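Worksheet for the structure shown next.
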Amino acid sequence: TAATSNVFIGDSAGHGNSNSFNVFLGKGSGKFNSGQYNAFLGYQAGLKNTSGTSNVFIGNQAGFYNTTGGYNTFLGFKAGYTLSTNSYNTYLGYQAGANSKDGDYNVVIGPFSGYKNNGDYNIFIGYESGYNNISGTDSRYSKWNTFIGYQSGKGNTTGWQNLIIGYQAGLSNQ
């Protein structure tokens, strides 16, 4: 079928697109896209997206490595940069979740918040909150955490089902 109802503005924006209902603004945004209902705004936003659908990536290199993940919202420079196959995430802020390699159903707000997050069902609000939230080799860990405040839960690596609120609260919680 023919790709229809798309808007591409910028050098190589939507260059290899093969689907419909997408908006790509910025050099290289959505360059390899075959998904639909995506909106990518910024230099190389959603660059590697293939079949990912219904994503909104705003900011230079936001969602850069997303390939098949869907229903994500990444807002900010390199927000959600390394996530590739994950879905239903919201990352807002400068490099929020920029080094996350896994995780679904997360809400991450603040600069460097959830920077290395690999867990699911987490809420991190504040500068560097949940920064090191990784699950290691056991996928049961690093889930269902809520960290609110400057560097709250920053050192958490495998802790799960935690509620941590306040300035540097739970800074070394593991």
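The values are calculated or read from the model by the stated rules, or taken from the named source; none is laboratory data. Treat the numbers as computed from the prediction; the structure is a model and nothing was measured. Note: areas computed on protein heavy atoms with side chains; ligands, DNA, RNA excluded. Shrake-Rupley method; radii C 1.70, N 1.55, O 1.52, S 1.80 Å.
Can you count the Lys pairs in the range 28-174 with C-alpha separation below 14 Å, eight or more apart or on different chains? Could you put the intermediate results ahead of the total?
Numbers: 31/48; 48/78; 78/101; 78/116; 101/116; 116/143; 116/154.
For the range 28-174, qualifying lysine pairs total 7.
What is the percent carbon and sulfur in the accessible area of the range 29-148, measuring with a 1.4 Å probe over the protein chains and ignoring ligands? Could you put the intermediate results ahead of the total?
Numbers: 2540 of 4500 Å².
Of all accessible area on the range 29-148, carbon and sulfur atoms account for 57 percent.
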Taking only protein heavy atoms into account and a 1.4 Å probe, give the accessible area per residue of the chain in Å². 44 Å²
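Could you sort 12, 172, 113 by accessible area so the largest value comes first, with the probe set to 1.4 Å? Walk me through the numbers on the way to the answer.
On the way: 12 40, 172 95, 113 0 Å².
Heavy-atom accessible area, descending, gives 172, 12, 113.
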Work out from phi, with θ = phi - 60° and the Karplus expression 6.51 cos²θ - 1.76 cosθ + 1.60, the ³J(HN,Hα) of each residue of the range 67-76, listed in order in whole Hz, and give x for Gly and Pro. 10, 10, x, x, 6, 9, 10, 10, 10, x
Exposure ranking of 109, 164 by accessible area [1.4 Å probe, largest first]: 109, 164
Given backbone amide H placed at 1.01 Å from N, residues whose amide H is under 5 Å from that of residue 75, ignoring those fewer than 5 places away on the same chain, are 58, 91, 92, 93
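Compute the relative contact order of the range 57-174 as a whole-number percentage, counting only Cα pairs closer than 8 Å that sit 6 or more residues apart in sequence.
Values: 440 pairs, mean separation 17.3, N = 118.
Across the range 57-174, relative contact order equals 15 percent.
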How big is the chain in terms of Cα radius of gyration and Dmax, in angstroms? 16.2, 54
